[in-house]
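Each remark here refers to the structure printed beneath this line.
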Amino acid sequence: MSKIKNFLLLTNPYSGLKQGKEIVQKILPILNKKSINPKILYTEYEGHAKEICRSNLIKDYSDLIIIGGDGTFSEAINGLLLREDKIYPNLGFIPGGSGNSLMHHLNILDPIKAVQPIIENKTQRLDVMKIVSENFIEYSINIVGWGVATDIGATAEKIRWMGRSRYTIASFYHILKLKKRHAALTLNGIKQEKRFIFILVCNTQYTGTGMQAAPNAQLNDGMFDVIILNQHITRLELMQLLPKIFTGEHIQSKHVEYIQTDTLKLEPRYSEALNIDGEIKLSTPISLKILRGILTYYRCY
């Protein structure tokens, strides 16, 4: 006898172009036609998705469908992984944000198409990155950025009104500044101390708005991909390199190191914030490790 499935549809109505409620109305008939009649909840404030996913409410549901952007997905996963009972529902991701990095990786930017793996009951395991700071633990399924990668994220957040182009504009601004930072970085047991422009740790291939930062990344390979931009690149070389991040060709540059590992330690000279799944939070030093296949999500290949 198959297990009875109960669905919760959690929607952030403020993500992206604020079309969350419209997306609900588009996908509900498709779900209902397959006898999926979800309980619908809307988030009301920042951090609400995290609270819901950490609450006892989740115990009543075998499946959680999330409509939102990368920030909403991140909130939900952090709430789930903070649960002491380790009750993790199957996850369905529906794009409703502005950047939609995870959905770019899955190559599903149409909410209607994103419903298909759910109604077809096709699941895959999902790796999660665990980030340990001095006083905090955070989880990420997308990216952890430090250096200029954080500067760009912080600036892009301040100019959200500029829409999808804000990441490109923020990138050019920080290329002109070209700030370099000293840090100790340990990868695969090897420690290196020098100045870096940025370090980007990726679980997904994409970041920002369609930037293919880590073209070899997979969501269930037990590894995260580390992209390091060294200090010797010039402003002109960086401006020439930037457009290549949209196709993944940037990793061929002599100024870029591309390393796959399952643990990392970052110890900058000064404590600084990080870009975690598009949100500026926590502070260094940090250690990271991969939690292989800890969650299950719906995905079609």
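Just so it is clear, none of the values below were taken in a lab; they were calculated from the coordinates. Just so we're clear, the structure is a prediction, and the values are computed from it rather than from any experiment. All Cβ positions, glycine included, derive from the backbone under ideal geometry; neighbour counts span all protein chains shown.
Overview of results
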| read-out | value |
| --- | --- |
| Crossing angle, helix 166-177 versus the chain [Cα axis fit, 0-90 degrees, rounded to tens] | 20 |
| Average Cα contact separation per residue, the stretch 1-71, under 8 Å, 6 or more apart, as relative contact order % | 55 |
| Value in Å of the Kirkwood radius, where the chain supplies the Cα pairs that are averaged | 19.6 |
| Straight-distance crosslink candidates among aspartates and glutamates, where the alpha carbon sits under 12 Å from K130 and sequence neighbours closer than 8 are dropped | E138, D262 |
| Furthest towards positive pole of dipole, S74, C53, N32, structure part the stretch 7-121, Cβ charges | N32 |
| For the stretch 7-121: lysine pairs under 20 Å (alpha-carbon distance), excluding those fewer than 8 apart on one chain | 17 |
| Simple Cβ-charge dipole of the stretch 193-282, Lys/Arg +1 and Asp/Glu -1, about Cα centre, in debye nearest 20 | 340 |
| Max mean-square fluctuation residue, GNM over the chain, Cα-Cα springs under 10 Å, options M129, M223, M162 | M162 |
| The chain, helix-only ellipticity at 222 nm - DSSP H runs n ≥ 4, -39,500 (n - 2.57), divided by all residues, nearest 500 | -7500 deg cm²/dmol |
| Stokes-Einstein diffusion coefficient of the stretch 1-134, Kirkwood radius over Cα pairs, 25 °C, 0.890 mPa s, in µm²/s | 163 |
| Crossing angle, helix 148-158 versus the chain [Cα axis fit, 0-90 degrees, rounded to tens] | 50 |
| Relative contact order [Cα under 8 Å, 6+ residues apart], the stretch 7-121, whole percent | 32 |
| Ranked by how many other beta carbons lie within 10 Å on average, peptides 186-197, 56-67 from highest | 56-67, 186-197 |
| For the stretch 148-301, alpha-carbon Rg relative to the globular expectation (2.2 N^0.38 Å, N residues) | 1.03 |
| Angle in degrees between helix 20-33 and the longest Cα principal axis of the chain, rounded to the nearest 10 | 50 |
